[in-house]
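The values are calculated or read from the model by the stated rules, or taken from the named source; none is laboratory data. Predicted model only: the values in this text are computed from it and were never measured. For neighbour counting, all protein chains shown are included, and Cβ atoms are generated from backbone atoms with ideal geometry for every residue, glycine included. Heavy atoms of the whole protein, side chains included, go into the accessibility calculation; ligands, DNA and RNA do not. Shrake-Rupley method; radii C 1.70, N 1.55, O 1.52, S 1.80 Å.
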Amino acid sequence: MLAKLSACLATLALLSAPAFAQGNKPTDPQIAHIAYTADKIDIVAAKQALAKSKNKEVRAFAQDMVRDHSEVNKEALALVKKLKVTPQDNPTSRALSKQAAAERKKLAKLHGPAFDKAYVANEIAYHKEVDNALETTLIPSASNAQLKSLLQTGLKIFQGHEQHAEHVAADLK
Amino acid sequence: MAPGRICFTALMVLGLSIPAQAKTIRVTIDKLDYIPAVAQAKVGDTIEWINKDALAHTATAKNGAWNVMLKPKKNGHIVLKKAGSVDYFCKFHPNMKGRVVVTP
Ligand SMILES: [Cu+2]
């Protein structure tokens with residue numbers, strides 16, 4: 001529990017420290033990059049689950065994640081193209097990727113029900129974290145109205161996935 | 001008796017023997033919202049969901065009465081067989097919530 005909490009705090013620190021410190025608002029190109037990265041991370045996580053899990057519900061959930069996040073990213077890419085915005089790499093995107101790689105490594109060592117539980121628990125935590133970043137930083141900072149609207153829909157999708165993951169976690173018990 | 005009167009009586013009789021025309025009530029899904037969130041209908045009516053999103057959704061009754069799969073940009077429907085208020089949600093995004101109120 002404590003370890004989890006401290007991991008959570010560390011994550012929040014990662015999210016808020018480099019890019020958003022001292023009232024630094026991310027720019028639209030950075031926001032686009034962060035949103036794209038956040039989606040991509042969840043797709044990679046789902047693919048790991050599809051390669052490892054034999055649980056029907058976990059696999060169905062992972063497939064939903066691949067399908068939804070691929071669609072969101074398709075729309076995001078279409079929008080940045082239309083707006084002629086070039087997504088720009090930034091410390092938040094890098095922190096997210098680094099954290100995801102560490103989580104993937106951890107999950108790689110687990111098998112069977114232990115993997116399923118850890119994957120779904122991480123999905124809940126990850127979606128919560130992205131919800132929080134969207135609500136407190138990304139949406140308020142977005143200056144383009146269409147980008148803001150895309151992020152707002154993205155928030156609803158992430159919140160939906162978080163609840164979906166919670167249902168799956170309850171079933172795994 | 002005037003012909004008009006006979007005609008009226010005939011219509012009354014028909015009206016009593018034929019149930020009211022069943023309707024189709026449409027619920028649009030746009031950006032993860034069911035619109036309207038509460039749909040009013042009568043037994044025998046059809047509820048049709050129009051999924052405008054590029055994402056797959058469902059309309060799943062909480063009481064297990066029905067489960068409609070809604071592929072991206074596709075529609076789905078059910079015919080309402082029982083009176084009552086049914087809450088429903090999306091299995092993929094349980095934060096999506098709607099209600100169908102069915103009167104006899
Ligand atoms: Cu949905």
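Using the structure shown, decide if B:ASP30 is within 16 Å of the ligand (Cβ to nearest atom) and at pLDDT 95 or above. For B:ASP30, the condition - within 16 Å of the ligand (Cβ to nearest atom) and at pLDDT 95 or above - is met. Here A:GLU103 clears all of (1) surrounded by fewer than 17 Cβ atoms within 10 Å (Cβ to Cβ); (2) farther than 26 Å from B:LEU32 by Cα except the condition numbered (1). In this structure, A:GLN163 does not qualify as within 16 Å of the ligand (Cβ to nearest atom) and farther than 23 Å from A:ALA49 by Cβ. Within the stretch B:25-38, residues that are more than 12 Å from chain A (Cβ to nearest Cβ) and open to solvent by 70 Å² or more (accessible area, probe 1.4 Å) have Cβ atoms under 8 Å from residues that are among the hydroxyl-bearing types (Ser, Thr, Tyr) and within 14 Å of the ligand (Cβ to nearest atom) in these pairs: B:ILE35/B:THR28, counting only partners at least 6 apart in sequence or on another chain.
Filter the stretch B:22-40 down to the residues that are part of a loop (DSSP other than H, G, I, E, B) and farther than 19 Å from A:GLU71 by Cβ and list them by number. Those that are part of a loop (DSSP other than H, G, I, E, B) and farther than 19 Å from A:GLU71 by Cβ: B:ALA22, B:LYS23, B:PRO36, B:ALA37.
For the residues A:LEU110, A:LEU50, A:LEU83, the requirement of being away from chain B (no Cβ under 14 Å) and touching a Leu at 6+ places or on another chain (Cβ under 8 Å) singles out A:LEU83.
One residue alone among A:GLY112, A:GLY23 is at positive phi, exposed (fewer than 15 other Cβ atoms within 10 Å of the Cβ) and at pLDDT 95 or above, and that residue is A:GLY112. Each residue in the stretch B:54-81 was checked for being open to solvent by less than 40 Å² (accessible area, probe 1.4 Å), over 14 Å from B:ARG26 (Cβ atoms), touching a strand residue (DSSP E or B) at 6+ places or on another chain (Cβ under 7 Å) and within 11 Å of the ligand (Cβ to nearest atom), and 4 of them qualify.
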